[in-house]
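Colleague: Pasting a structure here, questions to come.
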Amino acid sequence: MFWNCIHGQRDSGAGKNKYQEHQCDDEDQDIMVVEGAVDEIEKPIKGSITTTGEKENGVVNGEFCGREVESIARDEVLGVSVYHLDTVFKKCSTNAIVSAAVEHRIRNNSSEQRHKTIMKKKRLFFMRKNKNPRQQEQITTNSGKNLSPSPNIYDIVDCVIKEKGRNVTCPRDGRLGAAYVDCLYGEDHVGKANVMISYGWGNKVEEICAVLVKYCNEHKLDMKRTYVWICCLCNNQFRVDEQSDVPFEEFEQIFEDKVVGIKNIVSLMSPWNSPVYLTRVWCIFELHKAYSNECNLMIAMPPEEELKMIESVLRGEDVDEGTGGIHDLYDALNNTNIEDAQASREDDRKRILQMVEETTGAEVLNNQVNDMLRKWISKILDEFAARESLGPNGEAEQIRLAWMLNRIGLVYDNQGEYDNALEYYERAHSIKNKVLGPDHPDLATTYNNMGSIYENQGDYQKALDYYEKARDLQKNNPDQYNNLANTYNNIGLVYDNLEDYDRALENYQLCKDIRMNLFGRDHLSLANVVNNIGSVYDKQGEFSNALECYDNARILEERFYGKNHPQLATTYSNIGLVHSNQGKFGKALEYYEMARVIEEKVFGKDHPDIATSYNNIGGVYDNEGKYEMALKYYKMAFDIERRCLGEDHPALASTCNNIGGMYNDMGDYDRAIEYYEMALTIEEKVFGRSHPELVSNLVAIGAAYCDKGIYDMSLTYYRKAQNVQEKINGKNDTEYAYILNNIGGVHMKQGKNSIALTCFEDALTILKRTLGSDHVNTVAVSDSIAYLTSLKK
């Protein structure tokens, strides 16, 4: 990382040679490897003169000399080429550690010959130390040799980095002891920095080199002309050691000057699901400055971490434990908590976190980091799918490819990237259909997944078609019993969205019965369907039953997932909705905010679930009469839905209705009608012209025209609503009565009292039967009739 050379000194004493603690076990193997290593180290660099100090081909005493590069001004920010890092620095670092291990071994062997009795006790002591797993790992090579060929920066700061410039005069202050970069010469090795790597000194040299080589390959950059500002090599470590307490303000200013000048920042994060990088507060400082200065910031991870992520996605979920697969991705995103970052100096930690909070805010920075993580995950999965698609074409390989494509589609599906998800699902389905045939039960999986995409996009009939195809393949196959439960749940969701609550409950109950028979009453798989049943109860006004269902789901989800999983966010939202419907707005807002924080952290700010949370929060402010706040949240939801779901999604129509309602309450009837009309256009396209959703919208437009005083237009929309409602439930339901009452109200404002009275009387007849004579709405209509009757007298 940029200033890790200094704050590493604060944290854990940068520059101490940890390899001196290690003892090799296999004497014969050690000597064999050591001899090869020594030969490699003793090979002179081409053009070097190691005795006279004369310069040949830009090398002084074996050192490339950056201060001799005439084309680079002395005050330029120098960087080390990726070519040099990968071919020279990495090799020297490995060889230096091997050489030190050889020297240590020889020293021990000589001592053993002189003091055999004493050394036996010491050898026992070293053997005990080597039982420590971390130490054992540090002295084990990839080939099984008990040496350390993969050092981190701490390991080589003295024996490589400082050794390089120990006898070189620093060109910046004229004193003995130069930075590594100032000892390099030739444009293949050193030049003006155009990339900065942000990393930790605990990262291995080979990791750093690997990600920089990949960075060059991906961006088609010449490794010999890509110069990296890397703090351990570009800061003068001799001067760092002399400055044990650098003022915070100096850290900040120097870093900001560098980052603004270089602009391209590569952040090395490892491991992929819990980067150590994010636990160090000075790394957070770097991220914050990079974002604040609008740098080109990208995540880089070692190749082995990419493989681990892919393996995790392909492994699938453990339904008993709520782990693996997608859950691992959620955990990785939930682990981004920069407010928990640590430093050896508490004052540094407090000042950096305070600086972050006073500018972007910790939550915003967490989400920015997660945006990068999501892009990295998508990029790696796309690359993997492309490689695998070029592999063997046997049936087994093709089925494996289909399975992998389906898993990758699931990642995009959960991220709300529905077009990308559908592309992967369709590719998987096409392969399965070709290899297995159209009647194989395995096709039910992709039918279900494609159905979920169409459902999320608001095409409910198409979603239902796919779900029913899956059900038909599964219902007569005992091996598909659990998958059949999933399909019943999905069918229930479609009917729920279509407001056919009886059929929704029927399918939810079928799902619940299967899962209880298979797994018992306390299994995680029950949480989802219990949540859905609770949602139906809420919509039917059975609030106590709804809360009971939601609470049962919450207990299961918290037990298996912890408190930061997106499934739990859904349950929190549902609980908030019940409280809102009961008029407990403070409690509702509390649960909606809990849901939003989880969703924004896991999915980012551009996800349909975030829009739902914004709508819910806006609804609370709406009910409290805080119209400006409500409008703010409704418009945030509108922007997200339009970007993520498109112009014709029913969720966008619902949000348009909410915005229209706000403008109507604020007296801006023209803008209210504008948004109501947008909602109506979407609903007619999605649901057709005879759906209950249209009724409320037509009524809203009619009311807006009435409030505006344009009574003919108001009556036009009320009558359209009346016609649609009649087609749905006839002329004898409560909604039809409400429309009659509204039509009567318009006629009364027009002075057509006799027509108004007829409308009110017809409405009253229906309401007495459906609501009873004492219901508040029945009484209101009776009052209107009484008023008009009194005018006749």
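Colleague: Quick one: in region 176-200, which of the residues that are aliphatic (A, V, I, L, M), open to solvent by less than 20 Å² (accessible area, probe 1.4 Å) and in a strand (DSSP E or B) is farthest from Cys283 (Cα to Cα)?
Modeller: Selected residue: Val190.
Colleague: Criterion first (of a type outside the set (Phe, Trp, Tyr), surrounded by 21 or more Cβ atoms within 10 Å (Cβ to Cβ), at pLDDT 80 or above and within 26 Å of Lys192 (Cβ to Cβ)) does Ile284 satisfy it?
Modeller: no
Colleague: Has region 421-437 got at least one residue that is closer than 19 Å to His607 by Cα, within 23 Å of the chain's Cα centre (by Cα) and touching a residue at least 40 places away in the same chain (Cβ under 8 Å)?
Modeller: No, there is no match, as no residue in region 421-437 is closer than 19 Å to His607 by Cα, within 23 Å of the chain's Cα centre (by Cα) and touching a residue at least 40 places away in the same chain (Cβ under 8 Å).
Colleague: Considering only region 227-255, state which residues are part of a helix (DSSP H, G or I) and open to solvent by 50 Å² or more (accessible area, probe 1.4 Å). Walk me through how you get there before you give the answer.
Modeller: To start, the set of residues in region 227-255 that are part of a helix (DSSP H, G or I) comprises 231-234, 237-242, 248-255.
Those that are part of a helix (DSSP H, G or I) and open to solvent by 50 Å² or more (accessible area, probe 1.4 Å): Asp241, Glu242, Glu249, Glu250, Gln253.
Colleague: While we're on this one: Considering every residue within region 780-789, establish whether at least one is open to solvent by 60 Å² or more (accessible area, probe 1.4 Å), in a helix (DSSP H, G or I) and either polar (S, T, N, Q) or within 30 Å of Gly688 (Cα to Cα) (or both).
Modeller: Within region 780-789 (the criterion being open to solvent by 60 Å² or more (accessible area, probe 1.4 Å), in a helix (DSSP H, G or I) and either polar (S, T, N, Q) or within 30 Å of Gly688 (Cα to Cα) (or both)), the answer is no, since none of the residues qualifies.
Colleague: List the residue pairs whose Cβ atoms are under 6 Å apart, where the first residue sits in region 511-522 and is of a type in the set (Asp, Glu) and part of a helix (DSSP H, G or I), the second is at pLDDT 90 or above and open to solvent by less than 50 Å² (accessible area, probe 1.4 Å), and the two are 6 or more positions apart or on different chains.
Modeller: So the pair list comes out empty.
Colleague: Among (1) out of contact with any Gly (no Cβ under 8 Å at 6 or more places or on another chain); (2) outside any helix (DSSP H, G or I), there is one condition Ile640 misses while meeting the rest; what is its number?
Modeller: (2)
Colleague: Spot the failing condition for Asp465; the list is (1) open to solvent by less than 50 Å² (accessible area, probe 1.4 Å); (2) touching a residue at least 12 places away in the same chain (Cβ under 8 Å), and only one is missed.
Modeller: Status for Asp465: all satisfied but (1).
Colleague: Follow-up question, since we're still on this one. Can you name the number of the only condition in (1) within 30 Å of Gly586 (Cα to Cα); (2) at pLDDT 90 or above that Ile673 fails?
Modeller: If we test Ile673 against (1) within 30 Å of Gly586 (Cα to Cα); (2) at pLDDT 90 or above, just (1) comes out false.
Colleague: Looking at Asp648, Asp622, Asp609, can you tell me which residue is touching a helix residue (DSSP H, G or I) at 6+ places or on another chain (Cβ under 7 Å) and part of a loop (DSSP other than H, G, I, E, B)?
Modeller: Asp648
Colleague: Among residues belonging to region 715-730 that are over 15 Å from Ile701 (Cβ atoms) and without any contact (Cβ under 8 Å) to a residue 24 or more places away in the chain, point out the one that is surrounded by the fewest Cβ atoms within 10 Å (Cβ to Cβ).
Modeller: Gly730
Colleague: It is to be established whether one or more residues within region 201-211 are of a type in the set (Lys, Arg), outside any helix (DSSP H, G or I) and modelled with pLDDT under 50.
Modeller: Scanning region 201-211 turns up no residue that is of a type in the set (Lys, Arg), outside any helix (DSSP H, G or I) and modelled with pLDDT under 50.
Colleague: Failed condition for Arg471, given (1) part of a helix (DSSP H, G or I); (2) under 27 Å from Arg643 (Cβ atoms), with all others met?
Modeller: Condition not satisfied by Arg471: (2).
Colleague: Still on this model: For region 660-703: of the residues being part of a loop (DSSP other than H, G, I, E, B) and among the small types (Gly, Ala, Ser), which is most open to solvent (accessible area, probe 1.4 Å)?
Modeller: Ser690
Colleague: Given the conditions (1) touching a Phe, Trp or Tyr at 6+ places or on another chain (Cβ under 7 Å); (2) open to solvent by 10 Å² or more (accessible area, probe 1.4 Å); (3) more than 24 Å from Cys170 (Cβ to Cβ), which single one is not true for Leu221?
Modeller: Every listed condition holds for Leu221 apart from (1).
Colleague: Looking only at residues in region 299-337 that are touching a strand residue (DSSP E or B) at 6+ places or on another chain (Cβ under 6 Å) and assigned to a strand (DSSP E or B), which one is modelled with the lowest pLDDT?
Modeller: Step by step, filter region 299-337, then rank; the result is Ile299.
The values are calculated or read from the model by the stated rules, or taken from the named source; none is laboratory data. Small disclaimer: the values here were computed from a predicted structure and weren't measured. Positions of Cβ are generated from backbone atoms using ideal geometry, with glycine treated the same way; all protein chains shown enter the neighbour counts. Side chains are part of the model used for accessible areas, which takes the heavy atoms of the whole protein and leaves out ligands, DNA and RNA. Shrake-Rupley method; radii C 1.70, N 1.55, O 1.52, S 1.80 Å.
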